[in-house]
Each structure stands twice: as structure tokens, then as C-alpha cells.
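Q: Could you have a look at this structure, given as C-alpha cells, before my questions?
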Amino acid sequence: MPLLEREPYLEEVAAAYHHAVNGEGRVVLISGEAGIGKTTLVEQFRREQGGRVLWGACDALFTPRPLGPLHDIAAQTQGNLLNLLNSEAPRPSLFSAFLAELQGRPVIAIFEDIHWADEATLDLLHFLGRRINRTHALLILTYRDDELGLGHPLHSVLGDLSPLPTTHRIPLPPLSQKAVQTLVGQRPMDAVQLHQQTAGNPFFVTEVLASGQGSLPPTIQDAVLARVARLSPAAQAVLQAAAIIGLRIEPWLLAQVSGPEAAAADELLAVGLLRPQGDLLTFRHELARQTILTFIPLPQRLRLNQLVLTALQASPITRSDLVRLVHHAVGADDRDTIIACAPAAARQASTAGAHRAAAALYKLLLPYTPDMPPEEGARLWREYSIECDVLDQRQESLAAKQEEAHLWQRAGNFLKYGECLGRQALILHLMGENAAAQQLNDQAIAILEALPPNRELAIIYNSQALLHLANMENAKGVTIAAANLELAQHFEDDTLFPRLYETLGLCWLHLDYQRGIQFLEESLNYALQLNQTIRAANSYANLSSVYVEFHQFPQAEQCFAAGLAYMAERELESTRLFTLAWRAQWHLLMGRWSDAAADIQAVLELPGTSIGSRGPALMVLGRLRARQGEPEADVALDESLELLFRLGYRQREGIVRAARAEAAWLAGDKEQTLAEANAFYEIAVSQQNPWATGELAFWRWRAGDEVELPEWAAEPFALQIRGDWSAAATAWARLGCPYEQARALADGDAAAQLAALQLFDGLGAKPAAAQLRQKMRQSGIANIPRGPRPSTRENRFGLTTRQRDILALLAQELTNVEIAARLHLAVKTVDHHVSAILTRLDVHTRTDAAAMARQHNLLPPN
């Protein structure tokens, strides 16, 4: 059928290719729902342009193949890239080799269906996006934008690529009613009804038309099956085999699986159910393949998967594709192949940073562990526990550790049994079960100390130091951690040093800040050198939180940028969520409140987020609500304090107490302000924590208490308490904290108060602005600015300024990707805001939100 209403998009891709040919590489992002015609558009462009094409795709396998598209392309190039992949070369070498393929002569590189991409492939796209402008390549990426939930990892790639001048975004719209009428032609079918039924989806339209039914089928599935019913029995059998093989089909594999009926593949090509794509065959659409799969009887499905598996194992080309082998072994219920291939596939996935895939592969093996030797089963449970912990699935990780301990005990391996109990204790501690953690760690120490000297004891002593730290016994923690370091040096085991340096740094931090920071930075450097990804991510997370706590914002910014990219590329979810919670605090202090809200939502929206991440996020949420005058600030702050008490590490209680004191002050409760500030003040002083001491002293002073500050207290607070509001405001401005700057200015003269009011209004700090206006009126100051326009004050939905900006663009029918580009935001940030807008307006669709905005005058005049 003709390609309708796609000419402007073909021209845009061609224009991007023209830039690439001239040495200014480009990225084209083609998005749309399933069936919208992304692949059709790309194939049409390829036919029109010709030239060198490298084509790879991401597959909807049980778990994604690490670097699947790169393997496809390497098979086409048959050069250095293929050799590097076969030798399992490190990522930097692979990425550089592929970049070299894109340099020199013009080339079109196509990555299809990147919504199914594994983490390593997403990392590659990050890498290419920042370097494509120095190549002669056009990189075309297709994806389904309707399958990207709030937590989808592809958002980080889109957020990086979208603002770049080398990126072109092409969201494909549905066909218009006029186009559907053209396709219907003279058929006895109601084009208006067809357009309504299919919503203009080209695949749905063409399938209904190709079904040849005189009336509209009730479902698209019926339309696909109507086409299949007209095929010969041999073609139907080949179609089933093709559906089992996958979206992309090697002709040799299809021939082997189909046997004597293989020649009927020509019939499938003739009717368009399959089509050639380079050296492969492919379904015209994944929806058609899924429909075929649904109606293959179970015995036939098992048989076909076994035939595919046998052929893949026999071929030297495919026998090393472990993930694919496991996929078909699962489909064939082939226990032996799953046990043989899944462990190595899981290790490959974990090494590539695809931890969700690794966890899924290990989980496949767990039902078989009772029949394995106990040592072998214990190792599988251990690896599964590690992957779950990385993904912030602590309850699942703990359960796996318990199974592992049972198997080590059964095997009589008390060295591993003791180590396992200690690691189990650490997980319990991170879940806030400190009493149980201490009991289990004591048991582990008793077991290991009874054995000959062993390195495992260093790991358990490290957990003991952390438990002392959680109980605010910093000095005891330092003593144990330092002795532990000597034990590790005795065993000459460098792999232990990053972990031990990190613990030693955390224990020193509130005794000697500079010494603590030095150990933490050494831990990070050591972990990066040894390629200990989990340990490096922990060090990034701890360092970034410490930098924010101690107001070292330039260092925090660098650590957030490097750390979050590192964690996202390797799917280190637990540390990523913790780091996002502390980045929210940084955004709040920097006056970027909408960004803070987006980070908070990213942490809190996930079910089961660990308390170490949830607690800080709730603290920022409570403080943000208090500053904006929104309800339930106390609810968030109460839970934050409760979680802190459960986890331990009360060294950071000062931050939560300060947030609670501020919320009480903004609510007009001086007595509660003083109570919150006093609750931790003496402890903060004893720890010589300059920022916690300074802020708690500030709220005591605000509440009318007498305060004698130690000389090492944080300067901005000390200046304001001494009455030097101007110097305090300057200090806060130097740090980049507009709210705190305004708070200092509010203590000044009329000009300073007017400046403070402008800052408060700009931030949306309604309670602070209202308090200042009242103070100015009582002082007799005239011509006080009224603040936000009446239409803003009457905004009963409580939308932030940023949310109203996004709502205005949403009402213009822009996609989230287009809104992100217009406002220079990450796509994920826009996703969060759109979700919040729908919630606040109490509607379910973007169309309803736009209608509500017009009804309540929430849009700007233009």
C-alpha cells in the first residue's frame, strides 16, 4: 500500500543525512506507538538514499541481549568489531571500534526498537550521542514512546540526546481520516468508522484492509488471523516457526526448523507477512508475530522452540549467543540447557551492567538448586542476592542470602557460612533491623574467629564497624575499621581496600572531616581502578551526600554528574535512588524546586524503595512542602525521622531536625521550632558538625533562645545570628542558595526586604513571603508588591510555575520529548511533571488536562 502522510518526515531524515555526508553527523529519533510505521519510514528512506547501511535491532527476548544491535552490525562488517565482541573486550574498546566504523565514508546506522535495549546498548547510545557530530554517520533510533513508563531507562538517553543540536526528533502521528479514505479506496468499507476503530494506526488499518472482510472485524487480532487463514497449510507451518524464532529471522534457521515445508516462506513474502531486511527476514510488524504466537498450541510451541534451540547450538555463528539459547530453552522447557547456559549468560549480563537481566537469568535457575550439589546452589543464590541488592530489592536479596546460608551449612563449609551470615547482617541493617543485624553479625564473628586466619573475617569486621557507626559510636567504628585495614594488608588482598577505606572514611567523617573525606575519595579511586562497579557506585553515593551535607556544592555537582551517569549505565538502582534523594536536597538548596520535586518523585514512586533512600527523599519533600505552603509537610517529616531512627546514622539527624524546625516556624509555632532545634543541638556540637550546629542554632535564635555559637559553626548562620544580615546574604548568594539568601535579606532594611520578597515570590515560597509582607506592613513600608497575579493566587490546583509552563505546552499537543526540548529539561523530568499535573487536576488524559486548564484559566493569554 502507498506510504501516506510521511513525506515531510522523509525529507527531515534526508536533510539530517545531508549534514552527515558533509561531516556533521546527526541522530534521528523516530518515535511512535506500535504499528505507527517507524520501520516502514526507515526502509523507505534507505531505499531512496542507498549507500552503506548498518542495521541492528533490540529484541523482545526473555532478557535483552547485551549489546544486541552491535552484534547484528558486527556480523555485517566482519571486521575488528566482531573480533572484539567475540573476545569479550571491555566496553571502551567496543565503543571506540564502533565509532571508527562511523567515521570516514558516509554511513547510515539504524538501531531499531531501543525501548527493548539493554543497559550496555543504552550506554553505547550515550557515548555515540556526544561524538556523532565528528562523524559522517546518520544514526537512526526507533522506539515506542507509548511503552516508556516513568522509570524506563531509555529516558536517560533521550534526556541527554534531545537538547543536542545534532539530534532531530520525529514523533510519527497517526494517519488522518483523509489518508484512511485513500487507503480504503473503492472497498465497501466505512472509512470514518475504520479511522475511529484503528485511531489512524497504519498497521491496524492495513491489516483490516488486507483481511478482505466485508465488515470490520471486532479486533485487529481477527484481522491478522483472517490473513493467515487464507495461507496454505505449509505456509502456516512456516509462519509459526518464524514467530517462534523471533522478530528477525535467519533464512538458514527458518529452513532448518521448517524442514520440507521451508519453500513456503516465499508465500509469506509474497503476501507481506514477512519481508526481507538485509540478510534476514522480519515480520512486517511485531503485533502480527505476537498474534501468531498466541494461537500456537503448547505442544507445538515446545517442539518448535526445541528445534530452534538445537539449530542454534549446532551453528558456530549462534552457539555463543547464550541469552538467545536460554530464551528458547525456556520456551522448550529444556532444563539441562537452562542449567548449562543461564549462569554464564547471567554473568555476561552482570558484567555488561544489565543487572535486571542478570537477576532474571539467575532467578530462572533457582528452582533447580535443590537437585544441585549444595555448593553450586549456594553460589547461584549468592549471585542472585547480589543482583537484587544492586536493584534495591532488599527483601528479595535477604531471602536469597538465607537460602545461601542454609546451603553452605549443609555443605559443611563454615568459612562461607560465616561470611554469608555477616553479609546477611549487613542487609538487615540496611533494612533498619539493627538488633537482628547485630545478633547475626556476632554469630558470624564467632564462627570465623574459630577458624584459621581468613580474609572473610575482614568483611565481617567491616560490617561491625558500620553497625557501630549506625549507633553513633564513631570512635569504636574507627578502631575496628583501622585494625581491619591491617588485617587486609596482612592478606595482601587489594580487592578489600575500597570497601575498608569507605567504612573508615564514614567513621572518621564526624570526628575529623578532612580525614574522612580523604578516605572516601581514596575508596572511589581504588574502586574505579579495580573496576569494582558496586563499590565505586557506593563511594559516589556517599561522597555526593557528604558534599551536600557540608555545603561543598561544586564538588557535589561534579560527583552527581559522574556518579549518576555511572550508576545509570550499569543499572545500579540502589545507589542511584540514594543519590537522587540527596540530589533533591541539593536542588532545593540551589532554588531548583521543580527539579527537586522530580527527583523526589523518582525515588518515592517506586514500590519497596529502601529506607536509606526513602528517608532523605521524604525529608526534602517535607521541607519543600513547608516552603511552598503545601499540606502534609509534617507527614513527610515524621516518616523521615522515623526511618532515620530505624536505620541509625543519627549523625544526620540534625538535617531532619532543622527541616522540622523550619516547618514549625513557617506554621507559626515557635515552641515547636525551639523543641526541634534543641532535640539534636548538643549532639551536633559534640560532633563539631558546623552546618548542623549552625542551622539548629539559627532556629533556636529565631525562636527567641539565647545562643552562644562555637567559632567553627557555619559562617552564614553565624553572621545572621550576630545581626550581620548583609554579610550573611552575601555568603548565601556566594553558595548559590536563593531561599537562604532571601531569609537573610528579610532581616535587613526596606530595600533588602523588597529584594527578599522578589526572591521568595520567584521561588513560590508562599509562607515566607506572607510572613515578610506582614512584617513590612507592621514596619510601615509603603508600596509593598502584591506578589503573584490574582489568577495565580486563585490557582486552587496548586500547580508550580514549571508545571503551568508544561501544561501550556501540553495543551498545544506537544509530546513529552518535544516539551523537554523546548524547556531544556530531561524527558524523565517532564514525565514526572505531567504525572503530577494529571494528579493535581484529577484527570486521566492529556486532553482532559488541557480542557481543564482552559476552563480554569490556567493557560497564558497567548
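The values are calculated or read from the model by the stated rules, or taken from the named source; none is laboratory data. In this text, all values refer to a predicted model and were calculated from it rather than measured experimentally. No Cβ is skipped: glycine too gets one built from the backbone with ideal geometry, and neighbour counts run over all protein chains shown. Note: accessible area is taken over every heavy atom of the protein model, side chains too, but ligands, DNA and RNA are not part of it. Shrake-Rupley method; radii C 1.70, N 1.55, O 1.52, S 1.80 Å.
Q: When Lys and Arg each count +1 and Asp and Glu each count -1, what net charge do the other residues less than 12 Å away from residue 720, Cβ to Cβ, add up to?
A: Surrounding charge for residue 720 is -2.
Q: Also, I was wondering about something else. HN-Hα J couplings of segment 169-174 from phi, Karplus 6.51/-1.76/1.60, θ = phi - 60°, integer Hz, Gly and Pro as x?
A: Working through the residues one at a time gives 10, 10, x, 7, x, x Hz.
Q: Extending each Cα 7 Å along its Cβ direction at residue 678 and residue 606, get the distance between those two points in nm, one decimal.
A: It works out to 4.1 nm between the two label points.
Q: Considering only DSSP beta bridges where both residues belong to the chain, give the percentage that are antiparallel (nearest 5).
A: 20
Q: Return P(r) of segment 462-559 (all Cα-Cα pairs; 5 Å bins starting at 0; whole %; ordered from short to long distances).
A: 2, 15, 24, 25, 20, 9, 3, 1
Q: Could you give the spread of the C-alpha atoms of segment 1-156 along their three principal axes, from largest to smallest, in whole angstroms?
A: The Cα atoms of segment 1-156 stretch 46, 37, 27 Å along their principal axes.
Q: Just round it to a whole percent: the fraction of Cα-Cα distances in segment 187-288 exceeding 20 Å. It would help to have the intermediate numbers written out before the result.
A: Numbers: 2072 of 5151 pairs.
Of all Cα-Cα distances in segment 187-288, 40 percent exceed 20 Å.
Q: Return the ratio Rg/(2.2 N^0.38 Å) for segment 674-744, where Rg is computed over Cα atoms only.
A: It is 1.04.
Q: Once you place label points 7 Å from the Cα toward the Cβ at residue 279 and residue 786, how far apart are they in nm?
A: 7.4
Q: What do the square roots of 5 times the Cα gyration tensor eigenvalues come to for segment 331-417, in whole Å, largest first, as semi-axes of the equivalent ellipsoid?
A: They are 20, 17, 10 Å, listed from largest to smallest.
Q: Using a cut-off of 14 Å between beta-carbons, work out the net charge of the residues near residue 131 (Lys and Arg +1, Asp and Glu -1, residue 131 not included).
A: My count for the surroundings of residue 131 gives -1.
Q: Another question, if that's okay. For an R0 of 56 angstrom, estimate the FRET efficiency from the Cβ-Cβ distance between residue 727 and residue 290 and round to the nearest 0.05. Walk me through the numbers on the way to the answer.
A: Working: r = 67 Å, r/R0 = 1.20.
E between residue 727 and residue 290, to the nearest 0.05, is 0.25.
Q: How many Å² of accessible area per residue for segment 320-438, probe 1.4 Å? Could the numbers behind the result be given before it?
A: Values: 4480 Å² over 119 residues.
Here the residues of segment 320-438 average 38 Å² of exposed surface.
Q: Dividing the Cα convex hull volume of segment 220-378 by residue count, how many Å³ per residue is that?
A: In segment 220-378, the Cα convex hull volume per residue is 135 Å³.
Q: For a quick check: with amide H placed at 1.01 Å from N, whose amide H comes under 5 Å from residue 167's, ignoring anything fewer than 5 positions away on the same chain?
A: Amide H neighbours of residue 167: 27.
Q: Here's something else I'd like to know. Based on Cα positions only, what radius of gyration and what Dmax would you give for segment 250-324, in angstroms?
A: 13.0, 34
Q: In addition: If you take the charge dipole of segment 442-570 about its Cα centre, with +1 on Lys and Arg Cβ and -1 on Asp and Glu Cβ, which of 551, 452, 479 is farthest toward its positive end?
A: With unit charges placed on the Cβ atoms, the residue in question is 551.
Q: So, one more: For the chain, please report how many Lys pairs fall under 25 Å Cα to Cα, leaving out neighbours fewer than 8 apart on the same chain. Present the calculation step by step, with values, prior to reporting the outcome.
A: Details: 38/178; 38/828; 363/401; 363/416; 401/416; 670/766; 670/775; 766/775.
Lysine pairs, 8 or more places apart or on different chains, close enough: 8.
Q: Around residue 437, under 13 Å between beta carbons, what's the net of Lys plus Arg minus Asp minus Glu among the other residues?
A: In short, +2.
Q: If you don't mind, another one. Which FRET efficiency, nearest 0.05, do residue 857 and residue 18 yield, Cβ-Cβ r, R0 56 Å? Write down the numbers at each step before the final one.
A: Numbers: r = 45 Å, r/R0 = 0.81.
So the FRET efficiency works out to roughly 0.80.
Q: List the residues whose amide H sits under 5 Å from the amide H of residue 140, counting only those 5 or more places along or on another chain, with H placed 1.01 Å from N in the peptide plane.
A: Placed amide hydrogens put 28, 109, 110, 111 under 5 Å from residue 140.
Q: Would you mind telling me the share, in percent, of accessible area of the chain contributed by carbon and sulfur at probe 1.4 angstrom?
A: Its accessible area is 52 percent carbon and sulfur atoms.
Q: If you take the Cα atoms of segment 607-743, find Rg, then find the Kirkwood Rh from the mean of 1/r over all pairs, what is Rg/Rh? Write down the numbers at each step before the final one.
A: Working: Rg = 14.7 Å, Rh = 15.2 Å.
On the Cα set of segment 607-743, Rg over Rh gives 0.97.
Q: Report the extension gain between residue 705 and residue 319 in nm, rounded to one decimal, defined as 0.36 nm multiplied by the number of residues separating them, less their alpha carbon distance.
A: Computed gain between residue 705 and residue 319 is 131.4 nm.
Q: Run the 1.4 Å probe and let me know the accessible area of residue 61, rounded to the nearest 10 Å².
A: The value for residue 61 is about 40 Å².
Q: Additional query: Among 603, 398, 99, whose Cα projects farthest towards the positive end of the dipole of the chain, with charges put on the beta-carbon of Lys, Arg (+1) and Asp, Glu (-1)?
A: Among 603, 398, 99, the one farthest towards the positive end of the dipole of the chain is 99.
Q: Amide H to amide H under 5 Å from residue 117: which residues, 5+ apart in sequence or cross-chain, H placed 1.01 Å off N in plane?
A: none
Q: Also, I was wondering about something else. Under unit Cβ charges (Lys, Arg +1; Asp, Glu -1), what dipole magnitude, rounded to 20 debye, does the chain have relative to its Cα centre?
A: Numbers: 76 positive and 96 negative charges, 379 e Å.
About 1820 debye.
Q: Using the Cα centre as the reference, give the magnitude of the dipole from point charges on the C-beta atoms of segment 635-703 (Lys, Arg: +1; Asp, Glu: -1; all else neutral), rounded to the nearest 20 debye. Before the final figure, lay out each step's value.
A: Working: 8 positive and 10 negative charges, 37 e Å.
Its charge dipole is roughly 180 debye.
Q: Could you calculate, for segment 461-515, the ratio of the Cα radius of gyration to the Kirkwood radius, expressed as Rg to Rh?
A: 0.97
Q: For the pair residue 630 and residue 553, how long in nm is the line joining their label points, each one 7 Å along Cα→Cβ?
A: 2.2
Q: Which log10 I(q)/I(0) values does the chain give at q = 0.05, 0.07, 0.10, 0.11 Å⁻¹ under the Debye formula, counting every alpha carbon as one identical point scatterer?
A: -0.34, -0.66, -1.22, -1.36
Q: Still on this model: Quote the FRET efficiency, to the nearest 0.05, computed for residue 734 versus residue 521 with a Förster distance R0 of 25 Å and r equal to the Cβ-Cβ distance.
A: Once the sixth-power term is evaluated, E becomes 0.55.
Q: Considering every pair of different Cα atoms, what Kirkwood radius, in Å, is found for segment 132-211?
A: One over the average 1/r among Cα pairs gives 15.6 Å for segment 132-211.
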